[in-house]
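Taking it in order: structure first as structure tokens, then the write-up.
The values are calculated or read from the model by the stated rules, or taken from the named source; none is laboratory data. This structure is a prediction, so every number in the text was calculated from the model and none was measured. Positions of Cβ are generated from backbone atoms using ideal geometry, with glycine treated the same way; all protein chains shown enter the neighbour counts. For the accessible areas, the whole protein counts, side chains as well, though only heavy atoms, and no ligand, DNA or RNA atoms are used. Shrake-Rupley method; radii C 1.70, N 1.55, O 1.52, S 1.80 Å.
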Amino acid sequence: MPTDWEERYQTGDMPWEKGAPSPGLVDFLAADDRPRGTVLVPGCGTGHDVRAWARAGFNATGCDIAPSAIRLAKEQTQAAGLSAEFLLGDFLADPPPRRFDWIFEHTLFCAIDPEQRNDYVAAVHRWLAPGGNYLAVNYLIPDKDGPPFGTTRDELWQRFSPGFDLIKEWVPRSYPNRAGLQLMMWWRERRA
Ligand SMILES: C[S@@+](CC[C@H](N)C(=O)[O-])C[C@H]1O[C@@H](n2cnc3c(N)ncnc32)[C@H](O)[C@@H]1O
């Protein structure tokens with residue numbers, strides 16, 4: 001049975017909502033002094049990670065399939081006095097309005113049905129500018145009855161290494177209940 005994400009927001013069934021951006025992303029942005037650009041956060045939820053990119057000086061966009069997530073993300077971004085764009089849509093199926101320098105993944109890959117993972121990788125290529133960066137906080141859990149659905153480092157390597165070069169991987173600082181279960185991978189799309 002596919003997840004009704006809008007219903008989960010409307011009923012407050014949102015265990016992923018931590019009220020703060022991914023600690024691994026916060027640390028990455030604090031250490032990064034590269035020139036800023038555009039970034040897309042697919043499956044952005046209420047937008048904590050989008051606001052972290054915006055605070056760091058990026059031109060940040062979030063996309064989510066649930067109208068309530070987009071509404072909350074816009075409200076919270078305005079309340080924070082930040083500027084970011086939020087798109088209501090299906091990252092896996094929609095054509096991108098434009099292509100992004102960065103895509104940041106945080107708990108969308110584990111949220112979708114594993115049968116949609118080929119579509120997910122195709123969508124990353126479609127939404128990313130040629131040679132763009134794909135930064136992911138992966139959730140390495142064994143669960144098969146998600147969401148969240150688990151994955152392994154091997155699966156991620158099989159799926160992404162054909163089209164991307166791995167720049168760096170590391171175990172990030174995490175929310176307390178995910179400590180030791182996350183692996184950050186920073187990939188750059190291989191130009192044809
Ligand atoms: C587990 S939640 C994570 C939200 C956010 N990334 C966070 O960590 O707080 C997964 C999010 O992905 C969204 N989502 C699921 N399928 C999607 C799709 N095909 N396109 C865009 N968003 C999607 C859901 O509505 C939900 O907000």
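Things worth noting here:
- Shape category assigned to the chain from the gyration tensor of Cα positions, a/c cut at 1.5: rounded
- Amide hydrogen proximity for Tyr134: with H placed 1.01 Å from N in the peptide plane, the residues at 5 or more positions away or on another chain lying under 5 Å are Ile103, Trp187, Arg188, Glu189.
- Only Lys, Arg (+1) and Asp, Glu (-1) charged, at Cβ; the chain dipole about Cα centre in debye: 720 debye
- Centre separation in Å (Cα based) which lies between region 145-181 and region 19-81: 20 Å
- For region 67-181, the Cα-based Rg and Dmax, in that order, read 15.3, 42 Å.
- Here the accessible area is traced with a 1.4 Å probe on the protein chains. For region 74-115, carbon and sulfur cover 47 percent of it.
- Surface share of carbon and sulfur [accessible, 1.4 angstrom probe, percent] for region 1-72: 53 percent
- Potential lengthening between Asp113 and Ala31 on full extension [0.36 nm per residue; Cα-Cα distance subtracted]: 26.2 nm
- Taking Cα centre as origin and charging only the Cβ of basic (Lys, Arg, +1) and acidic (Asp, Glu, -1) residues, the dipole magnitude of region 126-177 rounds to 160 debye.
- Toward the positive end of the charge dipole of the chain, with +1 on the Cβ of Lys and Arg and -1 on the Cβ of Asp and Glu, the farthest Cα among Tyr134, Gln10, Gly180 is that of Tyr134.
- With helices as the sole contributors, the chain gives -8000 deg cm²/dmol at 222 nm; each DSSP H run of n ≥ 4 counts as -39500 (n - 2.57), and the sum is divided by every residue.
- Region 49-94: C-alpha gyration tensor shape, a/c 1.5 cut-off, then a/b vs b/c: oblate
- Under the combined filter of DSSP loop state and at most 15 neighbouring Cβ atoms within 10 Å, region 97-126 retains these trypsin sites (Lys or Arg not before Pro): Arg98, Arg99.
- Taken per residue, the accessible surface of the chain reaches 48 Å², heavy atoms only and a 1.4 Å probe.
- Highest mean first, the peptides 135-145, 105-115, 57-67, 4-14 sorted by other C-beta atoms within 10 Å per residue fall in the order 57-67, 105-115, 135-145, 4-14.
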